[in-house]
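The values are calculated or read from the model by the stated rules, or taken from the named source; none is laboratory data. Remember, it's a predicted structure, so these values are computed and weren't measured experimentally. Backbone-built Cβ (ideal geometry, glycine too); neighbour counts: all protein chains shown. For the accessible areas, the whole protein counts, side chains as well, though only heavy atoms, and no ligand, DNA or RNA atoms are used. Shrake-Rupley method; radii C 1.70, N 1.55, O 1.52, S 1.80 Å.
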Amino acid sequence: RRLAQLFEFHEFVERVLPAHRDSGEPVVLTGDFNVDSRNHVLTDPKIAYERDVEDGVQTSDEGAGMMSVLQGHGIDPQLLGPDNKDTFKGKTVIELHDTLRERLGYHPVTFGNIMVDSDGTVRPRETVLTTHQDNMVMHSIDYVMWHNPDADSQKHNIVAKIVDVGVTPNFTPGQQFTQISDHYGVSAEIHFSTEQK
């Protein structure tokens, strides 16, 4: 079902871009895609818990599949079983970038994070808004996707570039809840400048 939703998203973008996007205009797709791109493989056998940076480098099969469907490449139908025929392949391929992964070098935790006490005890970072079953899952499910393959051929002499991306936890010290959402926020700083020809 998730792949079908992602394919529908791709088809929407595929329809809208040719009709409403001028050359050089950036497209940003951002938010909670509910697909975890972290592979959850512990890279240090001496550490018994998952670390945000070091253990977030590898991409999960689900994350790779999401990007492949969103970009229009589709997937091998056999991945969903021997009788599956659906490839979720688009009519066109869209150059789409997962800016958090590309800029940071890993898939940052945006949901179900942990805290590690000085004695090594691992606890959920947030327990008020996050359901018990999602505590400490260490998922990367929020994204800032970027599309601007023809940035140098802008129609209106305006160039858009992503300067910075990040994850914003939005903690709330002194409140009954520890952060303003069960997800961390994701952000992008985009600079627009006028190019002189």
| query | On a 0 to 90 degree scale, rounded to 10, what angle separates helix 61-71 from the longest Cα axis of the chain? | reply | 20 degrees
| remark: Measuring from its Cα centre, the chain shows a charge dipole (+1 at each Lys and Arg Cβ, -1 at each Asp and Glu Cβ) which, in debye to the nearest 20, is 320 debye
| field | Label of the coordinate-derived value, Rg and Dmax of the Cα atoms in Å, listed as [x] 17.2, 50; [y] 19.1, 60; [z] 18.0, 59 | value | [y]
| task | Whenever you get a sec, compute what percent of the accessible area on the range 1-103 sits on carbon and sulfur atoms (1.4 Å probe). | result | 52 percent
| remark: Highest GNM mean-square fluctuation among Asp182, Asp119, Asp98, for the chain with Cα springs under 10 Å, belongs to Asp119
| Can you tell which of Asn148, Asn113, Asn84 shows the greatest fluctuation in a Gaussian network model of the chain with Cα springs below 10 Å? | Asn84
| said: Please list, ordered by chain and number, the residues whose modelled amide H lies under 5 Å from the amide H of Ile158; skip anything fewer than 5 residues away on the same chain. | reply: Glu195
| task | Would you calculate a helix-derived [θ] at 222 nm for the chain, using -39,500 (n - 2.57) for each DSSP H run of n ≥ 4 and dividing by the full residue count, to the nearest 500? | result | -5500 deg cm²/dmol
| task | Could you tell me whether the range 71-160 comes out rounded, prolate or oblate from its Cα gyration tensor? Rule is a ≥ b ≥ c as square roots of the eigenvalues, rounded for a/c under 1.5, then prolate if a/b exceeds b/c, otherwise oblate. | result | oblate
| request: Calculate how steeply helix 2-20 sits against the longest principal axis of the alpha-carbon atoms of the chain, using the helix alpha-carbon long axis, and give the answer as 0 to 90 degrees to the nearest 10. | output: 30 degrees
| query | Just the accessible area for Thr127, please: 1.4 Å probe, Å², rounded to the nearest 10? | reply | 80 Å²
| Can you tell which of Gly24, Gly174, Gly65 shows the greatest fluctuation in a Gaussian network model of the chain with Cα springs below 10 Å? | Gly174
| request: Could you go through the range 107-115 in sequence order and give the Karplus-derived ³J(HN,Hα) for each residue, using 6.51 cos²θ - 1.76 cosθ + 1.60 with θ = phi - 60°, rounded to whole Hz, and x for Gly and Pro? | output: 8, x, 5, 10, 7, x, 6, 10, 10
| said: I need the GluC sites (Glu not before Pro) found in the range 21-124, filtered to DSSP loop residues with at most 12 other beta carbons within 10 Å of theirs. | reply: Glu54, Glu95
| said: List the trypsin sites (Lys or Arg not before Pro) within the range 85-143 that DSSP assigns to loop and that have no more than 11 neighbouring Cβ atoms inside 10 Å. | reply: Lys85, Lys91
| request: List, in order, the whole-Hz ³J(HN,Hα) value for each residue of the range 130-136 obtained from phi through the Karplus relation with A = 6.51, B = -1.76, C = 1.60 and θ = phi - 60°; use x for Gly and Pro. | output: 8, 5, 4, 5, 9, 4, 6
| task | At most 16 other Cβ atoms within 10 Å and a DSSP loop assignment: could you name the chymotrypsin sites (Phe, Trp or Tyr not before Pro) in the range 107-196 that fit? | result | Phe177
